[in-house]
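Take a look at the structure below.
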Amino acid sequence: MLVLLGVLVVVIGFATRRNPLLVVGVAGIATGLLGGLSPQKVLAAFGTGFASSRAVTIFVITLPVIGLLERYGLQEQARRLITRFAGLTTGRFLALYLLLRQITAALGLLSVFGHAQTVRPLAAPMAEGAAERRHGPLPDKAREKVRSFAASADNVGLFFGEDVFLAVGSILLITGFVNTTYHTHLEPLQLALWAIPTALCALTIHGWRLLRLDRALAAGDTGAGAREALDRKAAK
């Protein structure tokens, strides 16, 4: 039972808003020591876990590269590029990004797009640029709204698109669990095919929400509206 104190460490750490990496590390060390492992074996377990899942740490390489590109004007170039397409509004651009994200995820290309490598340096600045072209400088509220919709396009596209790819981890986990527990013979292809209607519904519903973003920006959360309010205030 003492081993379960590691779970208590995680709960307390998250409840007090401590650093997640520090909380998980301390919980792992506490669990290992309470389970009777020596400090050397605990350290060896950490090393083995890191080596077996080292692909997760690829962000250590990508983040500095994205940071350098942003420092040398990547976001500014993205905003400048979107201004060349007069008919591409913020909602239409994000709906197109949602479609591309879902298609690539359905093909198993999960890392082609993403928050770190696409949304922050490219998709969000381009969506902001399209909004600024139509509505002028955006107030903070409208800018954050555009950024949140850009992030949601990536999340929805990936979440509902990846299940269409029959070799994704979630599909294999479900089929393995069902076949082992209920002694059936469920094929990954069967789950992937049933995921297609769900993916199409998600594309339709969230695509409609993204297209409505243009109307919401024009209705009030625009830089033009903010400027008019400032002008009226100055006139008084």
Exercise for review: Considering only region 164-212, state which residues are within 25 Å of Arg120 (Cβ to Cβ) and either touching a Pro at 6+ places or on another chain (Cβ under 7 Å) or buried (at least 16 other Cβ atoms within 10 Å of the Cβ) (or both).
Suggested key: Phe165, Val168, Ala199, Ala202, Leu203, His206, Gly207, Arg209, Leu210
**Study point:** Among (1) more than 18 Å from Phe85 (Cα to Cα); (2) open to solvent by less than 50 Å² (accessible area, probe 1.4 Å); (3) touching a residue at least 40 places away in the same chain (Cβ under 8 Å) - the single one Phe160 does not satisfy
**Key:** (2)
Practice item. Specify the residue that is modelled with the lowest pLDDT; the eligible residues are those in region 44-83 that are under 21 Å from Leu210 (Cα atoms) and open to solvent by 40 Å² or more (accessible area, probe 1.4 Å). Key: Thr83
Review point. What single numbered condition from (1) open to solvent by less than 70 Å² (accessible area, probe 1.4 Å); (2) small (Gly, Ala, Ser); (3) not in a helix (DSSP H, G or I) fails to hold for Ala86?
Key: (1)
Exercise for review: Would you be able to say whether some residue in region 186-197 is touching a Leu at 6+ places or on another chain (Cβ under 6 Å), over 30 Å from Arg92 (Cβ atoms) and not hydrophobic (A, V, I, L, M, F, W, C)?
Suggested key: yes
Exercise for review: Given the conditions (1) of a type in the set (Phe, Trp, Tyr); (2) assigned to a helix (DSSP H, G or I); (3) closer than 29 Å to Ala192 by Cβ, report the number of the one that Phe50 does not fulfil.
Suggested key: (3)
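Residue-by-condition table, conditions (1) of a type in the set (Asp, Glu); (2) at negative phi; (3) modelled with pLDDT under 90; (4) under 21 Å from the mean Cα position of the chain (by Cα):
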| site | (1), (2), (3), (4) |
| --- | --- |
| Gly136 | no, no, yes, no |
| Ala142 | no, yes, no, yes |
| Lys145 | no, yes, no, yes |
| Ala150 | no, yes, no, yes |
| Glu162 | yes, yes, no, yes |
| Gly169 | no, yes, yes, yes |
| Leu172 | no, yes, yes, no |
| Gly176 | no, yes, yes, no |
| Thr180 | no, yes, yes, no |
**Study point:** Where a residue in region 25-47 is polar (S, T, N, Q) and its partner, wherever it lies, is part of a helix (DSSP H, G or I), with Cβ under 8 Å and at least six apart
**Key:** Thr31/Val3; Thr31/Leu5; Thr31/Gly6
Practice item. Scan region 89-134 for residues that are β-branched (Val, Ile, Thr), part of a loop (DSSP other than H, G, I, E, B) and modelled with pLDDT of 90 or more and jot them down. Key: Thr89
Exercise for review: Answer yes or no as to whether Glu144 is of a type in the set (D, E, K, R) and either part of a loop (DSSP other than H, G, I, E, B) or out of contact with any helix residue (DSSP H, G or I) (no Cβ under 8 Å at 6 or more places or on another chain) (or both).
Suggested key: yes
Exercise for review: Give region 1-36 a look and list any residue that's in a loop (DSSP other than H, G, I, E, B) and open to solvent by 80 Å² or more (accessible area, probe 1.4 Å), or say none.
Suggested key: Met1, Arg17, Arg18, Asn19
Practice item. Could you pull out the residue among Leu94, Leu99 that is open to solvent by 40 Å² or more (accessible area, probe 1.4 Å), within 16 Å of the chain's Cα centre (by Cα) and under 21 Å from Leu158 (Cβ atoms)? Key: Leu99
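The values are calculated or read from the model by the stated rules, or taken from the named source; none is laboratory data. Note that this is a predicted model, so its numbers are computed, not measured. Here Cβ is always computed from backbone atoms with ideal geometry, including for glycine, and neighbour counts include all displayed protein chains. Remember, those area values only see protein heavy atoms, side chains included, never the ligands or the DNA or RNA. Shrake-Rupley method; radii C 1.70, N 1.55, O 1.52, S 1.80 Å.
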